[in-house]
Every structure is written in C-alpha cells, then in structure tokens.
1. Would you check which residues across segment 89-106 are among the basic types (Lys, Arg) and either closer than 15 Å to Ser33 by Cα or touching a Lys or Arg at 6+ places or on another chain (Cβ under 8 Å) (or both) and list them?
2. Any residue in segment 44-66 that is under 22 Å from Ala160 (Cα atoms) and of a type in the set (Val, Ile, Thr) sitting within a Cβ distance under 9 Å of a residue that is at pLDDT below 80 and surrounded by fewer than 17 Cβ atoms within 10 Å (Cβ to Cβ)? List the pairs, counting only those 6 or more apart or interchain.
3. Looking only at residues that are closer than 23 Å to Ser321 by Cα and without any contact (Cβ under 8 Å) to a residue 40 or more places away in the chain in segment 398-414, which one is surrounded by the most Cβ atoms within 10 Å (Cβ to Cβ)?
4. Would you point out the residue of segment 218-276, among those that are more than 26 Å from Ser321 (Cα to Cα) and hydroxyl-bearing (Ser, Thr, Tyr), that is surrounded by the fewest Cβ atoms within 10 Å (Cβ to Cβ)?
5. Do you know which residues across segment 257-316 are among the small types (Gly, Ala, Ser), closer than 30 Å to Leu388 by Cβ and under 21 Å from the mean Cα position of the chain (by Cα)?
6. Being over 25 Å from Met261 (Cβ atoms) and in a helix (DSSP H, G or I), is that true of even one residue in segment 308-330?
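The values are calculated or read from the model by the stated rules, or taken from the named source; none is laboratory data. Keep in mind that this is a model prediction, so the values were computed, not measured. Glycine also receives a Cβ, built like all others from the backbone with ideal geometry; neighbour counts cover every protein chain displayed.
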Amino acid sequence: MTVYTKNKIIKETNPNAAITGLIALRIFLAFASGYFLSYALRAVNAALAPVLASDLNLSAGDLGWLSSGYFLAFAAMQIPVGIWLDRYGARRTESALLVVAAIGAALVGLGDSLWVNSLGRILIGAGVAPCLMASYYYFRRCFPAAHQPRLVMSMLLVGATGALVATQPALAMANWLGWRQIYIFSSGLLFLSALAVYFFTTDADRQKHEQIDHKDITSLWGLTSHPIMVRIIPACIFTIGGFSAMQTLWAGPWLTQTLGMSPEQASVVLLYLNASLMLSYFLMGTASPWLIRKGLSLSIQSLIALIWIPIVFMIMILWQSPESWICWLLFSPVIPAMFLLQTQAALAFPGHVAGRILTTSNLMIFVGTFAVQWAIGVAIDMFNQLGLTQTAALRMAFTCLVGLQVLSLIWYVMRAPARTTLS
C-alpha cells in the first residue's frame, strides 16, 4: 500500500492481514457493541427532547447544551485517544473508557438538575470517544486496504442501528418506564461492552510495525496543517458535524415545531431516517469498492455527498409543507460517502500514526457537531428575541448552516490536489 506524507511517499506492508474467519467476526462484534451504544446514546435526545425539556424545564439553549455536552467531551478526548491508540492499542483504550461512559449514563439516570445531567452526558461523551476510531484504527492496522470501505460501512451500519433504536423504541420505552431508566439500563450495557472489548479482541494492532520518522506530521499542528487534512476539515465541521447535529437533536424540534408533528410522529420519521441510513450503509459497503474499480475514487464519492447535502437542506427549508418530512430520507443515499472523508485521510498516512489521523479528523467532526448543535439553540433563542416565530427562527438557523456547508464545499473543490492520491 502507498502512503503519503508532506515530504515523501512510502510503501507500507500489512503483516496482520491474515486475521480472518471467526476471530475476525468476534473482534468486529466486540467493537460493534461499543459503537452501537455510543450512537444510541448520541442520538437518543432527539427523540426524548420534548420529555427532557418538560421534565427538567429546559429552554432551547439549555436543551442544546445538555445534548451537545456529549459532543464537547467527545471532541476534547480525540487527541488523547489518538495517542493512547497508537501507544496502548484499541483493546485497552476502548475497554477502559467504556467504564467511564457507564458511570456517566448512571449519573444521567439519577440526576435531577441540568448541571448534574450535563456532567453525566459529558462523561458518556468522554467514555465512548474511542468507540468508532478504535475499530477504524484496528482495521487500518490489521486488515488490507481493499477491505477498508466495507469494514467502515459495516461499522456505520451498526451505528445506524443504534440510532434506529434511539428513536421510536426509545420514546416508547421512556413513556413506559421513564427516560431515566433508559440511561440506567444503558449504564449496565456499557459495562458489558467494556468486558467484551477487553476479553474478545486481540492485541494484533500492537505488533511491531516499521517505524518511520515523521515528526512533521505527528503533532496536532502537523496533522491539521497537512494539505490532506486542511482540505477536509471545513467539511468535517459543517457538513458531517452539521448533519450529526441535526440527526441527534434538532431533527426532533424541526419536525414537531416546524411541521406540527406530535413527538410520536416525529420519532417515527426519525425511525424511517435511521432505517434508510442502515440500508445505505449496507449497500455502500458493496458499492464503494466497485465504484473505485470503475474509476470513481473515494474523493469523488465524498464530493457527491458534499454537493447533495446542502441541496436537500435548502429544499427542506423552502418546502413549507407537512409532506416535507420526506426530505430527511433524501439524505440517506449520500451519508455513507460523506464519512469516507475519514477513510481517505487514514489511508493516506503511515499505519503507525493512524490513531492520531483518525481521531484528529473525528475531533473536527465532533467540534462541528457540538458547535452547530449548541449554536442552533442559541440562534433560535436570539431570533425569538428579535420577534421571529419559533418556526421562522428554526428556518433562519438552518439557513445559516447551509451557507457554511456551501463554503465548505467550495473549499474542498479548490483544495483538490493536482494529482489525486486517494483513488
């Protein structure tokens, strides 16, 4: 496999490509258990937003903060997680932090104020920070490059399943048992996932690899200033992060306040959205390698997604009709290609810095998710104070996001290398 640094091109081999069969499946399922819970807890507040706001007496800004605290902690943990992955491996890093997440979930379930619940959400975000990147790191170090898109799509399919469970099923359980019981139950599952990762995975990713001196790209500044990273950072923040902010919180208020749906109806739409995402991830796992063989590189696949997403958002904003809920389903076909931006970056660098490459790109995504999620709540409150109705305030906040996504698209196109290295 060929990898690219700022100054040189290196041929890299993969000594661990022989992991196959039941061992590979066991490893995948262990990592998948953590990411399933991570995504479910990330997305559940979108379905529970009306219940949380009522029970805890939250304003739009408070609700935005409560949910986005998860993303703030998640983002803050990405750089240390990258270092720990490269130093200690995926098994030790993820299993230890999942215990922290279990403590946070229990705290949310037991808390009775905004700040106690926020602390719990912050601990959850910190604890599940390595769940996806640890699996990507392991795959990058232990499986051939040709298998990466399919492995990535399979993990995203697991995440979409978690998001699916966090919609109508989560709301139904909250109405039956209470939202606090959901978090307490999740605490137990997180602890079991920690045990699964520790006992059912291996240390194959810690085997000795050829170490090459790349001090120029291993610092945070060196990583974020590399041309490959510079190109994708705005899209990671405003397009991937922006969509995640919508999916995991503001989709719910949009459906209930702008389209006049009940919380139950909105949760059904979110169920449809996440089900369609599951199908897209499944199909993309097969389609992406085929598209690469046909000459459609990962970079081009991602470009299509970066064009499509702001178009759908604008249609949704301008189409002022109850039937416009279907726009949320129109995102699904391109969302998998959007996340291939991270795969591009990981494959473009040597394996021994893969942990830091992946977590740096993930840092940008979750900084964006936190910033967009909180900023939209603040913007809604601000537009309300200026005299706009709740519906108009939501539309204005979403329009500002679309403008930033368009600028990110322009930047991505302008920074395209003269010779593509990511085909």
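1. Hit for segment 89-106 is Arg91, nothing else.
2. Pairs that qualify, where the first residue is under 22 Å from Ala160 (Cα atoms) and of a type in the set (Val, Ile, Thr) and the partner is at pLDDT below 80 and surrounded by fewer than 17 Cβ atoms within 10 Å (Cβ to Cβ): there are none.
3. Step one: filter segment 398-414 for residues closer than 23 Å to Ser321 by Cα, giving 398-403.
With without any contact (Cβ under 8 Å) to a residue 40 or more places away in the chain added as a condition, the list becomes 400, 403.
Values: Cys400: 14, Gly403: 12.
Across segment 398-414, the extreme among qualifying residues is Cys400.
4. Across segment 218-276, the extreme among qualifying residues is Ser219.
5. Matches in segment 257-316: Ser267 only.
6. Checking segment 308-330: not a single residue is over 25 Å from Met261 (Cβ atoms) and in a helix (DSSP H, G or I).
Here's the yes/no breakdown for (1) touching a helix residue (DSSP H, G or I) at 6+ places or on another chain (Cβ under 9 Å); (2) in a helix (DSSP H, G or I); (3) within 24 Å of Thr202 (Cβ to Cβ):
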site: Val116; (1), (2), (3): yes, yes, no
site: Ile122; (1), (2), (3): yes, yes, no
site: Gly125; (1), (2), (3): yes, yes, no
site: Ala129; (1), (2), (3): yes, no, yes
site: Leu132; (1), (2), (3): yes, yes, yes
site: Arg140; (1), (2), (3): yes, yes, yes
site: Pro149; (1), (2), (3): yes, yes, yes
site: Ser154; (1), (2), (3): yes, yes, yes
site: Leu157; (1), (2), (3): yes, yes, yes
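Let's see how each residue does on (1) more than 19 Å from the chain's Cα centre (by Cα); (2) closer than 27 Å to Leu401 by Cα; (3) at pLDDT 90 or above; (4) not in a loop (DSSP other than H, G, I, E, B):
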| position | (1), (2), (3), (4) |
| --- | --- |
| Leu164 | no, yes, no, yes |
| Tyr183 | yes, no, yes, yes |
| Ala194 | yes, no, yes, yes |
| Asp205 | yes, no, no, yes |
| Gln211 | yes, no, no, no |
| Trp221 | yes, yes, no, yes |
| Ile228 | yes, yes, no, yes |
| Met246 | no, yes, no, yes |
